[in-house]
Amino acid sequence: MTNAAYLSNLLIKMALKCDERPDTDERLNAVFSALADPTRRAILSRLRDGEASVKTLAEPFEMSLPAVSQHLKVLERAGLILRGREAQWRPARLDASPIKEVAQWAYGFREYWQETFERLDDLLDELQSEEMKKGEEMKKGGARGDDVE
């Protein structure tokens with residue numbers, strides 16, 4: 001195979017691979033949607049300790065196994081968990097890589113919040129300075145007997 005043919009095949013494979021992955025907005029939407037439910041967040045927290053069966057994951061909740069399975073399907077579609085198969089047992093385990101993507105997205109707002117807090121600090125300093133000046137003026141005026149009624 002020539003270099004041109006090899007490169008052509010490689011580019012086609014890369015393009016196909018990119019088409020298989022949903023775009024970033026779609027992935028973020030799926031992750032945020034999955035994380036919006038407190039039951040799913042609790043399931044993810046439990047999976048930080050290691051893989052678990054549907055029955056084990058359902059224990060702390062007052063819901064049926066099929067309801068927990070539905071939550072697991074949402075988490076799986078969002079890429080937050082992986083499901084295996086061992087005989088009759090389908091353990092779920094955490095895949096936190098989409099959460100890293102969310103964290104990277106959210107990190108983009110860090111500069112905005114930093115600037116906002118700095119402006120707030122400046123405003124507070126200015127207000128405190130004005131209050132101190134007023135307090136000093138009041139003391140000076142009161143010492144001379146120029147109190148305003």
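The values are calculated or read from the model by the stated rules, or taken from the named source; none is laboratory data. What you see is a predicted model; the values in this text were computed from it and never measured. Cβ sites come from the backbone with ideal geometry, for glycine too, and all protein chains shown count toward neighbours.
Could you look through the stretch 1-46, keep only residues that are modelled with pLDDT of 65 or more and among the hydroxyl-bearing types (Ser, Thr, Tyr), and pick out the one that is nearest to Ala96 (Cα to Cα)?
Here the residue is Ser45.
Here are some residues: Ala96, Ala78, Ala67. Which one is assigned by TED's automatic domain parsing to the domain that holds Ser45, under 19 Å from Ser33 (Cα atoms) and modelled with pLDDT under 90?
Exactly one residue qualifies, and that residue is Ala96.
Working only within the stretch 37-88, note down all residues that are in a loop (DSSP other than H, G, I, E, B), out of contact with any helix residue (DSSP H, G or I) (no Cβ under 9 Å at 6 or more places or on another chain) and not charged (D, E, K, R).
Across the stretch 37-88, the qualifying residues are Gly50, Ser53, Gly84, Ala87, Gln88.
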